[in-house]
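Structure record follows, encoded as structure tokens.
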Amino acid sequence: MPGRKSSLGWKSAICALSFTAACGVAAAQTAAPPPAVSVTPVVSRQVTETGDYIGRVTAIDKVDIVARVPGFIEERKFTEGQQVKKGDLLFRIEQATYKAAVEQARATLARAKATEVNAKLQLERGKELLRNQNIPQATVDQRAADEAAAQAGVMEAQALLDQAEINLGYTEIRSPINGRIGLATFTEGNLVQPSSGKLATIVSQDPIYVIFQVSQRNILDYRRRVAEAPDKNAHVTIHIKLPNGNVYPHPGLSNFLDVQVDTTTDTVAVRAQVPNPEGLLIAGGVVGVTVERGAPRLALTVPQSAVLLDQAGRYVLVVDAVKKVEQRRVTTGVEQGRDVVVTEGLKEGELVIVEGVQKVRPGQVVTANVVPGN
């Protein structure tokens with residue numbers, strides 16, 4: 001019986017060892033692998049500090065076309081919405097009355113000139129008779145006055161002719177600028193006059209203005225940057241974002257800073273001139289304005305998705321050389337599209353987590369999949 005007991009003990013021990021080994025294998029098989037995250041390197045690139053505003057598109061030239069003489073519209077020589085050039089005929093007002101006034105003024109001028117010629121001849125005869133004592137001095141003086149009056153009559157008649165010709169010219173209403181013409185308020189056959197108001201409106205298209213409001217603080221910062229700049233360039237470059245979200249392809253340049261502050265908003269108006277060859281910018285429209293606040297400089301950037309926020313401030317999760325997660329406090333600067341500038345807390349080439357941050361914690365080992373930066 002002692003031998004049998006010993007055999008049973010050995011068997012029990014072997015079973016216990018086998019069970020322990022089996023449990024260890026099962027535990028090893030069920031241990032979770034390190035969580036997988038996506039990381040991207042911190043990169044250094046040229047960035048330009050910018051500021052965002054809301055701007056209003058304004059035509060450089062805008063003219064309301066009005067009638068300068070009364071009359072019936074005889075012709076309209078444009079299609080609403082078309083491009084017109086300076087000097088193009090837009091409206092023609094009935095001319096018969098004004099042509100007759102010109103002819104009448106010419107006849108008056110001819111009669112005045114004839115009167116002047118006769119007065120001059122009478123004065124010369126009077127002077128000849130005066131030398132022979134055949135006419136009193138008073139008569140010669142009167143004839144001299146008559147000649148002066150005749151000369152004045154010629155000048156008056158000439159002025160009336162000039163005015164009649166001007167009025168006749170006003171019957172042809174021409175475009176004073178290059179631009180695009182809008183809706184016609186009056187059609188052919190309508191009686192118009194100066195008090196009728198605008199017949200149509202023309203606005204210039206290319207180039208065009210964009211006006212936006214800037215705070216006094218930004219103006220002071222701008223003046224400081226200009227004073228510190230080597231070239232003392234007072235103009236800033238702007239970029240436009242269209243209402244559909246697309247970036248306008250042509251940058252503009254500021255050319256005017258208002259001389260007073262708007263007391264209702266405590267802001268100053270800034271005007272920029274922007275090329276508009278395709279006519280995408282329409283006068284009166286609202287656009288986004290991004291202003292370049294300085295020359296490009298080298299800075300570290302990370303995707304905005306990598307920057308997290310808690311009560312202590314902003315931070316990122318960095319994966320070090322041994323695949324361990326580290327929390328790093330950072331100081332951020334301006335946004336650059338999908339990236340953000342980091343001024344403190346990171347070095348170029350370090351890997352920051354951009355996807356999977358919710359699955360990890362500081363000190364944890366992870367599997368890092370590197371994705372390229374923007």
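We did not get these values from a lab; they are worked out from the coordinates using the rules stated. Since we're looking at a predicted model, the values are computed, not measured. Every residue, glycine as well, gets a Cβ built from its backbone with ideal geometry; the counts of neighbours run over all protein chains shown.
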Per the filter on region 112-142, residues closer than 21 Å to Val154 by Cβ and of a type in the set (A, V, I, L, M, F, W, C) are Ala112, Ala114, Val117, Ala119, Leu121, Leu123
Name the residues in region 118-146 that are under 27 Å from Glu165 (Cβ atoms) and either surrounded by 18 or more Cβ atoms within 10 Å (Cβ to Cβ) or free of Cβ contacts under 8 Å to residues at least 12 places away in the same chain (or both), would you? Ala119
Filter result for Pro275 (touching a Pro at 6+ places or on another chain (Cβ under 8 Å), farther than 15 Å from Gly55 by Cα and not basic (Lys, Arg)): yes
Return the only residue of Ile65, Ile54, Ile73 being exposed (fewer than 13 other Cβ atoms within 10 Å of the Cβ), among the β-branched types (Val, Ile, Thr) and in contact (Cβ under 8 Å) with a residue 12 or more places away in the chain. Ile54
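Among what's in region 243-290 and is more than 28 Å from Arg180 (Cβ to Cβ) and of a type outside the set (S, T, N, Q), pick the residue that is surrounded by the most Cβ atoms within 10 Å (Cβ to Cβ). Let's see the steps before the verdict.
In the first step, residues of region 243-290 are kept if they are more than 28 Å from Arg180 (Cβ to Cβ); the result is 257, 259-268.
The next check asks that each one be of a type outside the set (S, T, N, Q); those that pass are 257, 259, 261-262, 266, 268.
Working: Leu257: 15, Val259: 7, Val261: 14, Asp262: 11, Asp266: 11, Val268: 19.
Once the filter is applied, the top-ranked residue is Val268.
Give, as residue ranges, the strands (runs of 3 or more DSSP E) completely inside region 238-302 that count at least 3 residues that are more than 11 Å from the chain's Cα centre (by Cα).
252-257, 267-274
Collect the residues in region 55-73 that are assigned to a strand (DSSP E or B) and within 23 Å of the chain's Cα centre (by Cα), keeping them in residue-number order.
Residues of region 55-73 that are assigned to a strand (DSSP E or B), as a first pass: 55-58, 62-66, 71-73.
Across region 55-73, the qualifying residues are Gly55, Arg56, Val57, Thr58, Lys62, Val63, Asp64.
Test Val286 against the stated conditions and say whether it is β-branched (Val, Ile, Thr) and touching a helix residue (DSSP H, G or I) at 6+ places or on another chain (Cβ under 8 Å). Outline the logic, then answer.
Values: β-branched (Val, Ile, Thr): yes; touching a helix residue (DSSP H, G or I) at 6+ places or on another chain (Cβ under 8 Å): no.
Criteria not met by Val286.
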